[in-house]
Amino acid sequence: MGDVVKEGSMRLREDAEAVLPSTVSAKSDHRQVLSSLLSGALAGALAKTAVAPLDRTKIIFQVSSKRFSAKEAFRLLYFTYLNEGFLSLWRGNSATMVRVVPYAAIQFSAHEEYKRILGAYYGFRGEALPPWPRLLAGALAGTTAASLTYPLDLVRARMAVTPKEMYSNIFHVFIRISREEGLKTLYHGFTPTVLGVIPYAGLSFFTYETLKSLHREYSGHRQPYPFERMIFGACAGLIGQSASYPLDVVRRRMQTAGVTGHPHASIMCTLRTIVREEGAVRGLYKGLSMNWLKGPIAVGISFTTFDLMQILLRHLQS
């Protein structure tokens, strides 16, 4: 009888020891996901708020036929400040935050998960992924985030290009679009968004991860300094946004067609109209120089904030 009891207790102990690592692993995975979501949300919020006035100015030029120049852009900023007040430069930023916080949280968290999955598939750790899987992880992360938060992006674009009297708040935008243009309008411009986010997110994450990997290899330091992360992020933003910019212009035109007098049209029709009326370079790359100013700043802040928050949270957990 004693042997039976002893054998049963040993089996229970073995079963508990088998279950314990998987339970600990599951809790660790949940903590990592929550950490990535929190870090990504904060990274996106800080980055977009820092460049909101420049972002709003860029959108206004993108959706109009006005010729872009740095002088005209800063004149627009100045007269907006004079006529509507300093805080008007951040008009639409509340809608941006409603979109960017979940977008950045999902994107960064998804990127960490895709790195882990692809790393397990190829037999590499996430940081050491070979180039093509590294590019794929970024593209998949951007596509996932864009697909889940697109209507919020459309709302933000509408609020950026319209006067305060037209849309009083985010909910008013949703209500008016649903009543006057139909619910399907909330996804108008979704295709160029996804087509644009694949090279943008893919190249941004790829460049940033590659530069960190090269830094580890040649400097001998495992972690870059914060200012080095900012530089790596700036390079990533410059490359990613330049590659996808024409589709960003098309996306904005399609999103704001209902309030700018342009007819709702397909990607190809919008492209042809822009090229015919404004020229290929001037039309499709309108505002790119401002993007070269704001993009590297925003992406640099975003990547740096995410990494530093991850390090801080890991220290707190340990």
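The values are calculated or read from the model by the stated rules, or taken from the named source; none is laboratory data. Remember, it's a predicted structure, so these values are computed and weren't measured experimentally. Please note: Cβ atoms are built from the backbone with ideal geometry, for glycine as well, and neighbour counts cover all protein chains shown. These accessible areas exclude ligands, DNA and RNA; they are computed on the full protein's heavy atoms, side chains included. Shrake-Rupley method; radii C 1.70, N 1.55, O 1.52, S 1.80 Å.
Out of region 160-199, which residues are more than 20 Å from Tyr103 (Cβ to Cβ), at pLDDT below 85 and of a type in the set (A, V, I, L, M)?
Met166, Leu183, listed by residue number.
Determine whether Ser25 is over 16 Å from the mean Cα position of the chain (by Cα), among the small types (Gly, Ala, Ser) and modelled with pLDDT of 80 or more.
no
Checking Phe68 against (1) over 20 Å from the mean Cα position of the chain (by Cα); (2) surrounded by 13 or more Cβ atoms within 10 Å (Cβ to Cβ); (3) part of a helix (DSSP H, G or I), which single condition isn't satisfied?
Here Phe68 meets the rest and fails (3).
Anything in region 193-208 that is open to solvent by less than 20 Å² (accessible area, probe 1.4 Å) and touching a Leu at 6+ places or on another chain (Cβ under 6 Å)? List them, or say none.
Gly196, Gly202
Which of the residues spanning region 78-99 are open to solvent by less than 100 Å² (accessible area, probe 1.4 Å) and under 16 Å from Thr49 (Cα atoms)?
The answer is Ser88, Leu89, Trp90, Arg91, Gly92, Asn93, Ser94, Ala95, Thr96, Met97, Val98, Arg99.
Going through region 268-298 one residue at a time, which ones are within 18 Å of Ser64 (Cβ to Cβ) and of a type in the set (Phe, Trp, Tyr)?
The answer is Tyr285, and nothing else.
If we scan region 212-222, do we find a residue that is over 27 Å from Lys71 (Cα atoms), modelled with pLDDT of 85 or more and buried (at least 17 other Cβ atoms within 10 Å of the Cβ)?
Checked against the condition, which is being over 27 Å from Lys71 (Cα atoms), modelled with pLDDT of 85 or more and buried (at least 17 other Cβ atoms within 10 Å of the Cβ), region 212-222 yields at least one hit.
Taking region 160-175 only, how many residues are buried (at least 16 other Cβ atoms within 10 Å of the Cβ) and over 19 Å from the mean Cα position of the chain (by Cα)?
The total comes to 6.
Scan region 266-306 residue by residue and report those that are out of contact with any helix residue (DSSP H, G or I) (no Cβ under 6 Å at 6 or more places or on another chain) and open to solvent by less than 20 Å² (accessible area, probe 1.4 Å).
none
Output the qualifying pairs, or none if there are none: Cβ atoms under 6 angstrom, residues six or more apart or on different chains, first residue in region 283-310 and closer than 13 Å to Leu54 by Cβ, second residue of a type in the set (Lys, Arg) and open to solvent by less than 20 Å² (accessible area, probe 1.4 Å).
Gly287/Lys58; Met290/Lys58
Taking Ser204 as the residue in question, decide whether it is in contact (Cβ under 8 Å) with a residue 12 or more places away in the chain, out of contact with any His (no Cβ under 6 Å at 6 or more places or on another chain), in a helix (DSSP H, G or I) and among the hydroxyl-bearing types (Ser, Thr, Tyr).
yes
Which helices (runs of 4 or more DSSP H) does region 256-318 wholly contain that include 2 or more residues that are within 17 Å of the chain's Cα centre (by Cα)?
288-317
Does region 178-192 contain at least one residue that is small (Gly, Ala, Ser), crowded, with 19+ Cβ neighbours inside 10 Å and in a loop (DSSP other than H, G, I, E, B)?
Within region 178-192, one or more residues are small (Gly, Ala, Ser), crowded, with 19+ Cβ neighbours inside 10 Å and in a loop (DSSP other than H, G, I, E, B).
Kindly indicate which of Leu118, Leu148, Leu135 is touching a residue at least 60 places away in the same chain (Cβ under 8 Å), open to solvent by 20 Å² or more (accessible area, probe 1.4 Å) and not acidic (Asp, Glu).
After applying the criteria, what remains is Leu135.
Of Phe108, Phe124, which residue is outside any helix (DSSP H, G or I) and under 25 Å from Ser35 (Cβ atoms)?
Of the residues listed, the single one that is outside any helix (DSSP H, G or I) and under 25 Å from Ser35 (Cβ atoms) is Phe124.
Spot the failing condition for Arg67; the list is (1) within 26 Å of Tyr150 (Cβ to Cβ); (2) of a type outside the set (Val, Ile, Thr); (3) modelled with pLDDT under 80, and only one is missed.
Arg67 satisfies all of (1) within 26 Å of Tyr150 (Cβ to Cβ); (2) of a type outside the set (Val, Ile, Thr); (3) modelled with pLDDT under 80 except (1).
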